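The next block holds one structure in the form of structure tokens; read it before the comments.
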Amino acid sequence: MEKNENRGTNRNGRRFDEEFKRDAVAILKSGERSAQQLSQELGVSVWSLKRWSKEFSIGGQRGPGALRLSEPASALEMARLRRELEFVTRQRDILKKALGILGQDPWNSSK
């Protein structure tokens, strides 16, 4: 996925998915618990909670992977996404060809 392996991990090396982060931010914003209490319960740092809160409050509550229209995508990010799309497209094409070859009748060489 991302080339930066440290991004999205806490000090113990655990990764949290977007849904977990959004739920944690929702609990934090509801005022049910303080940031300190919630961080202890979830096993994350207070700084992570604050960063997630900032991250998800900019774009509002949207679905996973949704583009935030209020934030313009950087040229570097667009280039990275284009490269990734080209790579995935090549992989798909190779797999299609391989499936076609493997699906041929080995006794019929006319194909």
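Yes/no per residue for (1) surrounded by 13 or more Cβ atoms within 10 Å (Cβ to Cβ); (2) touching a strand residue (DSSP E or B) at 6+ places or on another chain (Cβ under 6 Å); (3) modelled with pLDDT under 85:
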{"site": "Gln36", "(1), (2), (3)": "no, no, no"}
{"site": "Ser45", "(1), (2), (3)": "yes, no, no"}
{"site": "Lys54", "(1), (2), (3)": "no, no, no"}
{"site": "Arg62", "(1), (2), (3)": "no, no, yes"}
{"site": "Ala66", "(1), (2), (3)": "no, no, yes"}
{"site": "Leu69", "(1), (2), (3)": "no, no, yes"}
{"site": "Glu84", "(1), (2), (3)": "no, no, no"}
{"site": "Phe87", "(1), (2), (3)": "no, no, no"}
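Is at least one residue of the range 7-21 within 17 Å of the chain's Cα centre (by Cα), part of a helix (DSSP H, G or I) and at pLDDT 85 or above? Don't jump to the end; show me each part of the working.
Pass one, the range 7-21, residues within 17 Å of the chain's Cα centre (by Cα): 7-10, 13-21.
After this cut, where a residue has to be part of a helix (DSSP H, G or I) as well, the list is 18-21.
Those left that are additionally at pLDDT 85 or above: 20-21.
Within the range 7-21 (the criterion being within 17 Å of the chain's Cα centre (by Cα), part of a helix (DSSP H, G or I) and at pLDDT 85 or above), the answer is yes, since at least one residue qualifies.
The values are calculated or read from the model by the stated rules, or taken from the named source; none is laboratory data. Quick caveat, the model's predicted, so the values are computed rather than measured. With ideal geometry, Cβ positions are generated from the backbone for all residues, glycine too; neighbour counts draw on all protein chains shown.
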